[in-house]
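Notes follow the structure.
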Amino acid sequence: KQEVTQIPAALSVPEGENLVLNCSFTDSAIYNLQWFRQDPGKGLTSLLLIQSSQREQTSGRLNASLDKSSGRSTLYIAASQPGDSATYLCAARDGPHLFGNEKLTFGTGTRLTIIP
Amino acid sequence: DAGVIQSPRHEVTEMGQEVTLRCKPISGHNSLFWYRQTMMRGLELLIYFNNNVPIDDSGMPEDRFSAKMPNASFSTLKIQPSEPRDSAVYFCASTQGQDYNSPLHFGNGTRLTVT
């Protein structure tokens with residue numbers, strides 16, 4: 001059974017710093033790895049999706065990497081801003097493939113606070 | 001695009017009462033998922049539908065939980081009778097089915113409190 005872990009559970013950094021969030025998974029046979037953002041009282045918003053054949057994906061100040069062999073993914077946030085404060089969750093998608101997202105296993109998230 | 005719409009946003013009920021949560025997926029999405037989120041267990045998939053048909057309900061905790069999708073634009077999750085341990089945030093999500101690289105779109109959730 002796939003297990004996804006995110007450490008630390010909470011992180012505070014000053015505004016403007018670059019930071020890395022970590023995600024590890026136990027079963028490397030994944031189809032993709034997704035990163036989500038969750039604001040308080042809201043649902044999850046998809047940020048980046050890395051397919052199993054890819055090493056990284058970038059969107060603006062966000063860069064996500066994937067190392068299947070070591071069971072690790074990282075989310076790099078450049079030049080952090082107070083608006084980046086949220087909980088960030090990663091999710092590993094297992095097979096076999098029937099439909100799109102039924103085999104997503106979520107981590108419990110890292111609560112990020114950017115200090116102005 | 002209004003996104004995934006859930007109602008109510010908050011529900012407070014007494015143990016033993018019936019609770020019905022509602023979801024309207026994004027138009028054109030043919031896969032719908034119900035998740036439950038708690039501090040202890042994180043996000044758990046309860047059930048998912050494809051083309052209105054329940055595909056896998058193995059995540060439904062017990063027979064007190066049931067879900068329906070009578071048409072492509074509406075789904076319900078019912079708990080009868082409710083118990084305090086059902087207190088959680090329940091999310092509905094939708095996506096294009098068969099495209100496993102299609103992002104999952106979540107609603108804002110229903111926060112359920114059972115006293």
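Computed from the coordinates by the stated procedures, all read-outs in this text should not be read as laboratory data. Fair warning: this is a prediction, and the values are worked out from it, not measured in the lab. Virtual Cβ from ideal backbone geometry, glycine too; neighbours counted across all protein chains shown.
Could you list B:Met15, B:Met40, B:Met69, B:Met60 in order of exposure, starting from the residue whose Cβ has the fewest other Cβ atoms within 10 Å?
Going from least to most buried by this count: B:Met40, B:Met15, B:Met60, B:Met69.
For the peptide A:87-94, the mean number of other protein chain Cβ atoms found within 10 angstrom of a residue's Cβ is 1.
Each 5 Å bin from zero up to the one holding the largest Cα-Cα distance in the protein assembly as shown carries the following percent of pairs: 1, 7, 14, 18, 18, 17, 12, 7, 4, 1, 0.
Annotation: amide H-H contacts under 5 Å for B:Gln17 (H modelled 1.01 Å from N, sequence separation of 5 or more, or interchain): B:Ser82. With contacts taken as Cα pairs under 8 Å at a separation of at least 6 residues, segment B:1-102 carries a relative contact order of 35 percent. Of the trypsin sites (Lys or Arg not before Pro) found in segment B:1-80, those in coil by DSSP whose Cβ has at most 16 other Cβ atoms within 10 Å are B:Arg9, B:Arg41, B:Arg64.
Ordering A:Arg55, A:Arg37 by the number of other Cβ atoms within 10 Å of each residue's own Cβ, fewest first, gives A:Arg55, A:Arg37.
For segment B:1-93, pairs of C-alpha atoms spaced more than 21 angstrom apart make up 27 percent of the total. Between the C-alpha center of segment A:1-50 and that of segment B:74-115 there is a gap of 20 Å. With a 10 Å cut-off around each Cβ of A:34-43, the average count of Cβ atoms from other chains is 4.
Beta-bridge orientation, the protein assembly as shown: approximately 90 percent antiparallel, per DSSP, counting only bridges with both partners inside.
Rank the residues B:Ser31, A:Ser28 as a footprinting-exposure proxy: fewest other Cβ atoms within 10 Å of their Cβ go first. Walk me through the intermediate numbers first.
Numbers: B:Ser31 24, A:Ser28 14.
Lowest to highest Cβ neighbour count: A:Ser28, B:Ser31.
Inter-chain neighbour count for A:44-54: the average number of beta-carbon atoms from partner chains within 10 Å of each residue's beta-carbon is 3.
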